[in-house]
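So the structure is just underneath, and the comments pick up after that.
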């Protein structure tokens, strides 16, 4: 091992790292520092999980900051990763290094970010900052792109490569450090970024990959391990086999339903592995998650499983639930998590044994197909807990001898697929070219070509194909009056400028413009469906048992929709998507009609996290619709859009809007106040504070806060003698507070 003190960095950085136990460098880290990365050279570091990628980036960021070369911008693909890295980098405050984070509010220039030394942002937030032409971007000295292999992702990839291309073009001599899991064509990424490449399969905790079949694990190193069969559930034996050695287990399955069913099957066998202290802690956390009458059944199920040492994890969980599961697993209180593959691309949760139960996935319109090798490697890479395990095991499950051979050949012994640019999508390139023109990064075809030359896209496709994409995109933007041209010079129109800064798809903006120009008095359900019809709004799907109900709704309300439905015979996939939009719009309508989270999750078969996501996105798009409508001068609908946006934000009927504007008053407390006759701010101003405090869910502290917000002097009131009731953290009101946090 190479000593940390041998690298050329500020001594106080070395002293600090040594004080937290880092004294030696891994071989991959030593190789990275030998490339000249500390002197400003670009670097692509493609090594397995837990091989020290982040520390290399941290030291380079500190070198840039302390040497006066500039601020560090750390790009991540997910909000959960942003929170993890932000917390991780806060440790450098003792060195005088400030860290900040931004993951939302795409219509903000982020002025609070300018004075930080390390800025952690999601890729989309970085893109929005570029669109707002923030003046501190030229202060950036180093850009770290975490999980850079996600340029291969159809949804996130185009933004990632365009952000890197824009920043490299806008900031002369900026250093780029790209971090990735091992990928087969990492050299192409390095060539694109003009970077040195360090690629290795070395791990601090060796990984053994194998296949389970007939009570035996067979590994690639030719070793075998028998699994003692004593339980009814075979997978429980595979799990408990490693719990006997004080390990932890991750199981990856293909669907949310499977996460719950598998966790239920195995949980009953895990409880004996918990200490009394662990049981007590898990019971406390489970009460927070599953307590209260209004808690959805899924939350109650999760809470019960956690008291047994197991949990499930998927995108339908609320932030509270997801954080609790992750934290308890990190503390080794939970012994098992059953998750969908989204966890593999999220926060760092290693386990001694990773079981990939499902290597096939079902998608609407595509059927059942094997997952990519790259995805398998991402999941397998979670095996092995640094500092706890001497080895990690990744296990696939075979049902036959033939399947065993297939799994070994296709997944374990295969290289991951080469990653490719996904910028060729018309929808993606339209948005990014408009943004480049609107932010004055490009103003003519020559500058546009130069920008595209800096993308991964241009490194993989021939010139003719690229030129066709650019030409057709410019035609679309000009025809839609989002840009205008004069003697070869391009400029964004007011509509194009606002579309870019709102961070919405150009198709969404044109849809709003065309529909609201023609519609004088659209109904609330029709507006909500239009929001769900945009390419920016996530929507749920309709199950077979629900098709008839939503077809009936479509037939009865057809004339009120602002867009036409696809023909079920000509475009069956589009038709099913349209039904999903109707279902999501109905769910949003029920949300603003004050239905509880429990009712919404039960009635629409979605998770609490899904409701959060649909509501937050719809609230943003209603704001965007208001702004676009204001730009085009269709003033007749502006008041309705403004009110509807606030109703979506707070999840209330119109009569509560005045009340929920107060800090601490969400949909539950607002309705309670209203039911007690306090229907306006003037009512709250005049009511006796003791009477106010006695209203259920209010209490002393909140009563005082309400009076203070209304300008009432309560300094002379020391104690009004009313105990504040405990709030139900699982209630819809707790969701309201999370929305307020998001909005701020």
(request) Please report, in cubic angstrom per residue, the volume enclosed by the convex hull of the alpha-carbon atoms of region 207-412. (result) 124
(request) Please quote Rg/Rh for region 255-326 to two decimal places, taking the Kirkwood radius as Rh and restricting both calculations to Cα atoms. (result) 0.94
(message) Neighbour counts of other C-beta atoms within 10 Å: give me 135, 153 arranged from fewest to most.
(response) 135, 153
(message) Using Cβ counts within 10 Å as a stand-in for footprinting exposure, how do 606, 260 rank, fewest first?
(response) 260, 606
(request) Give the shape of region 465-506 as rounded, prolate or oblate, defined through the alpha-carbon gyration tensor: a ≥ b ≥ c are the square roots of its eigenvalues, a/c under 1.5 means rounded, and otherwise the shape is prolate if a/b is larger than b/c and oblate if not. (result) oblate
(request) Compute the separation of the alpha-carbon centres of region 1-57 and region 470-496 and state it in Å as a whole number. (result) 47
(message) Two decimals, Cα atoms only, Kirkwood Rh: what is Rg/Rh over region 426-491?
(response) 0.93
(request) For the chain, give the share of DSSP beta bridges that are antiparallel, in percent and rounded to the nearest 5; count only bridges with both residues there. (result) 25
(message) How far apart, in nanometres, would the label points at residue 710 and residue 170 be if each is projected 7 angstrom from Cα along the Cα-to-Cβ direction?
(response) 4.6
(message) Taking the number of other C-beta atoms within 10 Å as the exposure measure, put 6, 627 in order starting with the fewest.
(response) 6, 627
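Among 89-102, 187-200, 659-672, 543-556, what's the highest-first ranking by average C-beta atoms within 10 angstrom per residue?
Ranked by mean Cβ neighbours within 10 Å, highest first: 659-672, 187-200, 89-102, 543-556.
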(request) Multiply the residue separation of residue 138 and residue 234 by 0.36 nm, subtract the distance between their alpha-carbon atoms, and state the gained length in nm to one decimal. (result) 28.8 nm
(request) Subtracting the Cα-Cα distance from 0.36 nm times the residue separation, let me have the gained length for residue 478 to residue 514 in nm, one decimal. (result) 11.4 nm
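Quick check on packing: order 591-600, 177-186 by the mean number of other C-beta atoms within 10 Å, highest mean leading.
Values: 591-600: 19.8, 177-186: 22.2.
Top to bottom by mean Cβ count within 10 Å: 177-186, 591-600.
Can you tell me how the chain classifies by the Cα gyration tensor, rounded, prolate or oblate, using a/c under 1.5 as the rounded cut?
rounded
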(request) Determine, for each peptide in 293-305, 157-169, the mean count of other beta carbons within 10 angstrom over its residues, then list the peptides with the highest first. (result) 157-169, 293-305
(request) Normalising by the residue count of region 426-491, find the relative contact order in percent from Cα pairs under 8 Å and 6+ residues apart. (result) 46
(request) Sum -39500 (n - 2.57) across every DSSP H segment of at least 4 residues in the chain, then divide by the residue count to get the 222 nm mean residue ellipticity, nearest 500. (result) -14000 deg cm²/dmol
(request) Give me the distance in nm between label points sitting 7 Å out from Cα along the Cα-to-Cβ direction at residue 224 and residue 194, one decimal. (result) 5.6
(request) Report the FRET efficiency, 1/(1 + (r/R0)^6), for residue 255 and residue 215, where r is their Cβ-Cβ distance and R0 is 30 Å, rounded to 0.05. (result) 0.70
(request) Provide the FRET efficiency to the nearest 0.05 for the residue 464-residue 444 pair, computing r from the beta carbons and using R0 = 25 Å. (result) 0.80
(message) Shape verdict for region 42-175, please, from the Cα gyration tensor: rounded (a/c under 1.5), prolate (a/b greater than b/c) or oblate.
(response) rounded
(request) Apply 1/(1 + (r/R0)^6) to the Cβ-Cβ distance of residue 471 and residue 559, taking R0 = 56 Å, and write down the FRET efficiency to the nearest 0.05. (result) 0.90
(request) Take the alpha-carbon centre of region 675-697, take the same for region 524-547, and report the distance between them in whole Å. (result) 38
(request) Compute the length gained on full extension between residue 489 and residue 681: take 0.36 nm times their separation in residues and subtract their Cα-Cα distance, giving the result in nm to one decimal. (result) 63.8 nm
(message) Between region 549-596 and region 286-325, how far is it from one alpha carbon centroid to the other, in angstrom?
(response) 31
(request) With no solvent and one equal point scatterer per Cα, compute the Debye intensity ratio I(q)/I(0) for region 506-651 at 0.10, 0.15 Å⁻¹ and report its log10, rounded to two decimals. (result) -0.32, -0.74
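Where a number appears in this text, it was derived from the coordinates with a stated rule and is not lab data. Worth saying up front: this structure is predicted, and the values here are computed from it rather than measured. No Cβ is skipped: glycine too gets one built from the backbone with ideal geometry, and neighbour counts run over all protein chains shown.
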